[in-house]
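Participant: Here it is: the structure, laid out below.
The values are calculated or read from the model by the stated rules, or taken from the named source; none is laboratory data. Here the structure is a predicted model, which means the values were calculated and not measured. Note that we place each Cβ from the backbone using ideal geometry, even for glycine, and neighbour counts take in every protein chain shown.
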């Protein structure tokens with residue numbers, strides 16, 4: 001089984017209330033091979049919500065929304081909940097939406113709300129990786145399928 005960003009499975013849980021539906025992910029969920037999660041919602045944030053980005057402040061990573069509010073706590077709570085689900089279900093891999101301050105695997109927005117991407121991981125992606133979960137992006141779907149099937 002694989003954890004997947006719920007927005008990829010068609011859930012309208014993005015910050016703007018939309019989804020990033022990917023039929024391949026929907027098929028994984030329908031077949032019982034994927035568990036959809038939205039770390040932001042699990043952390044207590046509403047949908048829709050203000051856009052959020054990771055900002056490095058004084059050597060620490062903070063998640064700031066477009067109104068300037070620090071919402072790091074909600075992102076950390078959501079990440080912990082996703083990590084608990086991975087542990088309970090024995091899940092060793094995750095398919096996460098790139099660029100998200102929660103789920104970004106390789107790149108996230110730089111915290112200036114200018115659309116600039118920088119190398120880095122979202123809060124949930126980073127925690128899952130620390131726990132030994134292998135991370136995939138939608139662009140790596142073929143690699144994920146090979147991992148799941150052992151082929």
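Participant: Restricting to region 118-128, count the residues that are over 24 Å from residue 84 (Cβ atoms) and surrounded by 13 or more Cβ atoms within 10 Å (Cβ to Cβ).
Facilitator: Residues that pass the stated criteria total 1.
Participant: Considering region 56-95 alone, what residues qualify as being in a loop (DSSP other than H, G, I, E, B) and under 30 Å from residue 28 (Cα atoms)?
Facilitator: Result: 90, 91, 92.
Participant: For region 83-93, check the following and say yes or no: at least one residue is touching a strand residue (DSSP E or B) at 6+ places or on another chain (Cβ under 6 Å) and closer than 14 Å to residue 9 by Cβ.
Facilitator: There is no residue in region 83-93 that is touching a strand residue (DSSP E or B) at 6+ places or on another chain (Cβ under 6 Å) and closer than 14 Å to residue 9 by Cβ.
Participant: Do any residues in region 40-60 that are over 16 Å from residue 124 (Cα atoms) have Cβ atoms under 8 Å from those of residues that are part of a helix (DSSP H, G or I), where the two are at least six apart or on different chains, and which pairs are they?
Facilitator: Going by the 8 Å Cβ cut-off, the qualifying pairs are 47/40; 47/41; 49/40.
Participant: Being modelled with pLDDT of 95 or more and over 25 Å from residue 21 (Cβ atoms) is true for just one of 56, 64, 123, 118. Which residue is that?
Facilitator: Only one candidate qualifies: 64.
Participant: Find the residue count for region 94-114, including only residues that are within 12 Å of the chain's Cα centre (by Cα) and at negative phi.
Facilitator: 14
Participant: Still on this structure, please answer the following. If residue 121 passes every condition in (1) in contact (Cβ under 8 Å) with a residue 40 or more places away in the chain; (2) within 23 Å of residue 42 (Cβ to Cβ) but one, which one does it miss?
Facilitator: Looking at each condition in turn, residue 121 falls short on (1).
Participant: Would you point out the residue of region 43-79, among those that are out of contact with any strand residue (DSSP E or B) (no Cβ under 7 Å at 6 or more places or on another chain) and buried (at least 22 other Cβ atoms within 10 Å of the Cβ), that is farthest from residue 10 (Cα to Cα)?
Facilitator: Filtering region 43-79 for residues that are out of contact with any strand residue (DSSP E or B) (no Cβ under 7 Å at 6 or more places or on another chain) and buried (at least 22 other Cβ atoms within 10 Å of the Cβ), the one farthest from residue 10 (Cα to Cα) comes out as 74.
Participant: I've got another one for you. With the requirement that a residue be under 26 Å from residue 114 (Cα atoms) and touching a residue at least 40 places away in the same chain (Cβ under 8 Å), what does region 2-21 give you?
Facilitator: If the condition is that a residue be under 26 Å from residue 114 (Cα atoms) and touching a residue at least 40 places away in the same chain (Cβ under 8 Å), then 5, 7, 8, 20 are the ones that fit.
Participant: I've got another one for you. Could you look through region 115-148, keep only residues that are part of a helix (DSSP H, G or I) and farther than 21 Å from residue 28 by Cβ, and pick out the one that is farthest from the chain's Cα centre (by Cα)? Outline the logic, then answer.
Facilitator: Initially, region 115-148 is screened for residues part of a helix (DSSP H, G or I), giving 123-130, 138-148.
Narrowing further to those that are farther than 21 Å from residue 28 by Cβ: 123, 126-127, 130.
Numbers: 123: 8, 126: 10, 127: 11, 130: 14 Å.
The extreme case among them is 130.
Participant: Out of region 91-106, which residues are over 14 Å from residue 140 (Cβ atoms), surrounded by fewer than 23 Cβ atoms within 10 Å (Cβ to Cβ) and touching a residue at least 40 places away in the same chain (Cβ under 8 Å)?
Facilitator: Filtering region 91-106 down to residues over 14 Å from residue 140 (Cβ atoms) leaves 91-92, 99-102.
Pick out the ones that are also surrounded by fewer than 23 Cβ atoms within 10 Å (Cβ to Cβ) and you get 91-92, 99.
Hits for region 91-106 are 91, 92.
Participant: Can you tell me which of 131, 84 is within 14 Å of residue 3 (Cα to Cα), surrounded by fewer than 18 Cβ atoms within 10 Å (Cβ to Cβ) and out of contact with any helix residue (DSSP H, G or I) (no Cβ under 9 Å at 6 or more places or on another chain)?
Facilitator: Of the residues listed, the single one that is within 14 Å of residue 3 (Cα to Cα), surrounded by fewer than 18 Cβ atoms within 10 Å (Cβ to Cβ) and out of contact with any helix residue (DSSP H, G or I) (no Cβ under 9 Å at 6 or more places or on another chain) is 84.
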